[in-house]
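Q: I'd like to ask some things about the structure below.
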Amino acid sequence: MTYGTKLRERIAAPGTTPLIGVYDMYSATITAQHYDAMFVSGFGFAASYYGLPDIGFIAWPDMMAFVQRLRGAFPGHHLLVDIDDGYVDPEVACHVVEGLERTGASGVIIEDQKRPRRCGHADGKQVLPLADYLTKLDMVLATRRDMVVVARTDATEEADILHRAEVLAATDADVVLVDGVRSVDWIRRIRGVVGDKPLLFNQIAGGKSPSLSLGELTDLGVDIAIYSTPCLFAAHRAMHSALTDLKRADGRLPEADDTGGVGVVGVRTATRLLEGNLARLRSVPESARG
């Protein structure tokens with residue numbers, strides 16, 4: 001069974017499937033202990049790999065290399081990959097999709113933004129003419145073999161949002177995402193126009209969309225929820241806190257708790273975590289076995 005088929009079956013199961021955003025191998029290793037589905041977040045990768053905002057700096061070879069490392073370490077997890085606008089050119093988009101599928105990605109998200117692109121929850125987004133995006137999307141769909149393809153629109157005008165969502169639902173894309181949805185009412189309206197097509201909702205702290213539980217999303221007919229940044233933002237806060245404490249303590253490190261408790265992480269705890277990624281010790285989550 002292919003990775004695309006496994007993810008497609010998971011999406012079709014009852015309830016809303018959560019995918020947790022990861023931005024490096026360490027965040028992925030921790031996430032893998034809690035969830036069996038990961039989202040390779042463009043926001044997180046741009047921040048971690050380049051130290052830059054999510055406005056189009058990602059180079060596709062860097063993203064492909066990261067996904068290859070992820071798949072090597074986590075052979076049984078679902079991996080949905082953000083490929084932004086397909087890196088502008090439709091031929092590049094197809095090349096990336098083919099390479100990611102060969103590497104073992106479960107699926108990709110490709111958006112209809114034009115350059116300069118923005119995070120889906122930022123102001124100033126502009127979208128391609130729908131016909132241009134559909135040409136790119138059709139080429140990607142013709143290229144993939146079994147990979148899940150999420151068609152994403154970043155439209156901001158109300159009529160355009162509903163029109164594009166309806167048109168995307170009529171394509172062979174597996175899932176539709178309208179990014180930056182501003183209210184529960186709009187989730188319902190979008191759900192109404194996409195018909196039976198699976199719907200994805202993007203949650204990001206401080207973003208434009210409401211914060212909803214998985215149960216609430218299930219009741220709204222949402223099939224997938226991606227959580228782009230909880231790991232990244234938690235690390236941001238924790239590093240600030242740790243370095244503030246280190247400065248206050250005149251450089252004296254706190255006592256590490258390597259018993260697996262909730263205290264300060266030490267070298268033994270971190271090493272035990274990373275040893276789980278060694279090939280001879282690697283485990284596959286029960287829910288991902290096919």
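Q: Spelling out what I want: for every residue of segment 179-193, take phi, set θ = phi - 60°, compute 6.51 cos²θ - 1.76 cosθ + 1.60 (Karplus), and round to whole Hz; glycine and proline get x.
A: With the stated coefficients, segment 179-193 comes to 8, x, 4, 9, 7, 4, 4, 6, 4, 4, 5, 5, 4, x, 8 Hz.
Q: Computed FRET efficiency, Cβ-Cβ of Asp132 and Glu216, R0 30 Å: what is it to the nearest 0.05?
A: Result of the calculation: an efficiency of 0.30.
Q: Something else now. Please state the charge dipole magnitude for the chain, taken about the Cα centre, from unit charges on C-beta atoms (+1 on K and R, -1 on D and E), reported in debye and rounded to the nearest 20.
A: 640 debye
Q: Now, a different point. Throw me the Rg/Rh for segment 80-169, computed over C-alpha atoms with Kirkwood Rh, two decimals.
A: When Rh is taken as the Kirkwood radius, the ratio is 0.96.
Q: Let me ask you something else. Taking 7 Å along the Cα-to-C-beta vector as the label spot, tell me the Val92-Ala12 distance in nanometres, rounded to one decimal.
A: 3.5 nm
Q: Using a 1.4 Å probe over the heavy atoms of the protein chains, calculate the carbon and sulfur portion of the accessible area of segment 41-139 as a whole percent. Intermediate results must be reported in sequence, preceding the final value.
A: Numbers: 2030 of 3550 Å².
The C+S portion of the solvent-accessible surface of segment 41-139 is 57 percent.
Q: Additional query: Identify, among Pro198, Gly263, His95, the residue whose Cα sits farthest towards the positive end of the charge dipole of the chain, taking +1 on the Cβ of Lys and Arg and -1 on the Cβ of Asp and Glu, with the dipole about the Cα centre.
A: In the chain, that residue is Gly263.
Q: Along each principal axis of its Cα atoms, how long is segment 189-229 end to end? Whole angstroms, biggest number first, please.
A: 29, 18, 14
Q: If we count GluC sites (Glu not before Pro) as exposed when they sit in a DSSP loop and have at most 15 other beta carbons within 10 Å, what is the longest stretch of the chain that avoids them all?
A: 1-156
Q: Farthest toward the dipole's positive end in the chain, which of Ser48, Val184, Met25, given Cβ charges of +1 (Lys, Arg) and -1 (Asp, Glu) about the Cα centre?
A: Going by the charge dipole, the pick is Met25.
Q: Taking only the alpha carbons of segment 1-136, what extent do you get along each of the three principal axes, in Å, biggest first?
A: Sorted largest first, the three principal extents are 38, 31, 28 Å.
Q: Let me ask another. Taking Cα pairs under 8 Å and at least six residues apart, what relative contact order does the chain come out at, in percent?
A: 21 percent
Q: Hey, another quick one. Measure off, as a whole percent, the carbon and sulfur share of the 1.4 Å-probe accessible area of segment 161-290, all protein chains present.
A: The value for segment 161-290 is 55 percent carbon and sulfur by accessible area.
Q: Over segment 151-289, give the accessible area per residue in Å² for a 1.4 Å probe, as an integer.
A: Per residue, segment 151-289 has an accessible area of 59 Å².
Q: As a test, work out the antiparallel percent of DSSP beta bridges whose residues both lie in segment 83-205, rounded to the nearest 5.
A: 10 percent
Q: Moving on. At most 15 other Cβ atoms within 10 Å plus a DSSP loop assignment makes a site exposed; report the longest stretch of the chain without any exposed trypsin sites (Lys or Arg not before Pro).
A: Of all site-free stretches, the longest is 1-144.
Q: Over the alpha-carbon set of the chain, divide Rg by the Kirkwood Rh and report the Rg/Rh ratio to two decimals.
A: 0.98
Q: For His34, tell me the accessible area in Å² from a 1.4 Å probe, rounded to the nearest 10.
A: We get 130 Å² for His34.
The values are calculated or read from the model by the stated rules, or taken from the named source; none is laboratory data. Note that the structure is predicted; figures quoted are calculated from it, not measured. Cβ atoms come from the backbone with ideal geometry, glycine included; neighbour counts cover every protein chain shown. Remember, those area values only see protein heavy atoms, side chains included, never the ligands or the DNA or RNA. Shrake-Rupley method; radii C 1.70, N 1.55, O 1.52, S 1.80 Å.
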